[in-house]
1. Hey, does region 53-69 have a residue that's buried (at least 16 other Cβ atoms within 10 Å of the Cβ), under 30 Å from Ala261 (Cα atoms), under 24 Å from the mean Cα position of the chain (by Cα) and not hydroxyl-bearing (Ser, Thr, Tyr)?
2. Which residues, counting only those in region 73-88, are within 22 Å of Pro210 (Cα to Cα) and surrounded by 14 or more Cβ atoms within 10 Å (Cβ to Cβ)?
3. Can you tell me which condition Phe187 does not meet? The list is (1) aromatic (Phe, Trp, Tyr); (2) in contact with a Pro (Cβ under 9 Å, 6 or more places away or on another chain); (3) open to solvent by 10 Å² or more (accessible area, probe 1.4 Å), and all the others hold.
4. Among the residues of region 18-31, are any within 30 Å of Ser242 (Cα to Cα), modelled with pLDDT of 85 or more, open to solvent by 100 Å² or more (accessible area, probe 1.4 Å) and not in a loop (DSSP other than H, G, I, E, B)?
5. Residues being part of a loop (DSSP other than H, G, I, E, B) and of a type in the set (A, V, I, L, M, F, W, C): count how many of those fall in region 33-63.
6. Here are Val103, Val113, Val108, Val152: which of them is more than 21 Å from the chain's Cα centre (by Cα) and not small (Gly, Ala, Ser)?
7. Identify all residues within region 201-238 that are open to solvent by less than 30 Å² (accessible area, probe 1.4 Å), at pLDDT below 95 and over 14 Å from Ala183 (Cβ atoms); write none if there are none.
8. If we keep just the residues of region 91-150 that are of a type in the set (Lys, Arg) and closer than 25 Å to Ile196 by Cβ, which is least open to solvent (accessible area, probe 1.4 Å)?
Amino acid sequence: MTDRELAETPLAAESPVPVPGLGVWVRGWLRSFIGSPAYPAEAADRREFELLGLRMPRRATIVITVVVLAVIFDYSRTFFPPELIAFDRNPGMQRLQALDRLVLFVAVPLLVVLLGFRDRPSRYGLRLGDWRWGLGLAIAGCAVMTPIVLAVAGARDFHDYYAPSWSSLPDVLATNWIDLFSAEFLFRGFLMLALIRAIGPIGVLVATLPFVFSHLTKPELELLSTLAGGMAYGWLTWRTGSILWGALAHTYILTLVMWAAATHL
């Protein structure tokens, strides 16, 4: 074919570039939403010891033991002056309990991680992690929970339990942040992420059990919700690799229920 014939030959219509449909976008979003974070076990995570014939993972066993003792000491008010225990629900007692938990739930486990395991705190949730998803999911969760909290906080048992602890918003926020950051690190960072490396994703559920039991003195409806709530906080930590976003959401929700109970909303 001559150059002239080539020039006169109509060009074939270009194939249109396919545009991803809504279904493709939704599937991609869902894959991103669910994510697939990996928590590979290092050699030290897999190391075992024998106890009367039982082959036990060393790190996970130490973590569980520390968590059990921390929860017992916290529940028993072991390190509280006896004369203060009578004022269990007042704001000053709540701040003291939060500071006590900062030691039991954060400082002690951190010493175990740093000095006992010679490990990095970032492997136990003390990092920003996937902060875009973390921030977005925390905000979405708080938005969903706000009307639910406002609906139940006016119940008599919620008022009787939470109203005595209310003082001012800055004071309550500070106390709740110390308290719940400490709890999130103990249950979701220290315990859950160690268990995931030892027994897999079922560690999310197993780590929820002591979290549920730590609510045994609270209103029954709240207690019944803690299995689902604990799993949600655990999933958020698993998804983002950080305890920060669960601690922020938890602080907002607790502060909201205290405020609503105290103001009879």
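1. Within region 53-69, not a single residue is buried (at least 16 other Cβ atoms within 10 Å of the Cβ), under 30 Å from Ala261 (Cα atoms), under 24 Å from the mean Cα position of the chain (by Cα) and not hydroxyl-bearing (Ser, Thr, Tyr).
2. Keep residues of region 73-88 that are within 22 Å of Pro210 (Cα to Cα), which gives 73-80, 88.
Answer for region 73-88, where residues must be within 22 Å of Pro210 (Cα to Cα) and surrounded by 14 or more Cβ atoms within 10 Å (Cβ to Cβ): Phe73, Asp74, Arg77, Phe80, Asp88.
3. Exception for Phe187: condition (3).
4. First pass over region 18-31, keeping only residues within 30 Å of Ser242 (Cα to Cα): 24-31.
Still in the list and also modelled with pLDDT of 85 or more: none.
Checking region 18-31: not a single residue is within 30 Å of Ser242 (Cα to Cα), modelled with pLDDT of 85 or more, open to solvent by 100 Å² or more (accessible area, probe 1.4 Å) and not in a loop (DSSP other than H, G, I, E, B).
5. Within region 33-63, the subset part of a loop (DSSP other than H, G, I, E, B) is 35-42, 47, 52-53.
With of a type in the set (A, V, I, L, M, F, W, C) added as a condition, the list becomes 38, 41, 52.
So the count comes out to 3.
6. Details: Val103 fails: more than 21 Å from the chain's Cα centre (by Cα); Val113 fails: more than 21 Å from the chain's Cα centre (by Cα); Val108 fails: more than 21 Å from the chain's Cα centre (by Cα).
Of the residues listed, the single one that is more than 21 Å from the chain's Cα centre (by Cα) and not small (Gly, Ala, Ser) is Val152.
7. Answer for region 201-238, where residues must be open to solvent by less than 30 Å² (accessible area, probe 1.4 Å), at pLDDT below 95 and over 14 Å from Ala183 (Cβ atoms): just Pro219.
8. Looking at the filtered set, the residue picked out is Arg123.
The values are calculated or read from the model by the stated rules, or taken from the named source; none is laboratory data. Please read all numbers here as calculations on a predicted model, not as lab measurements. All Cβ positions, even for glycine, are placed from backbone atoms using ideal geometry, and neighbour counts span all protein chains on display. Calculation scope for accessible area: heavy atoms of the full protein, side chains included, ligands and nucleic acids excluded. Shrake-Rupley method; radii C 1.70, N 1.55, O 1.52, S 1.80 Å.
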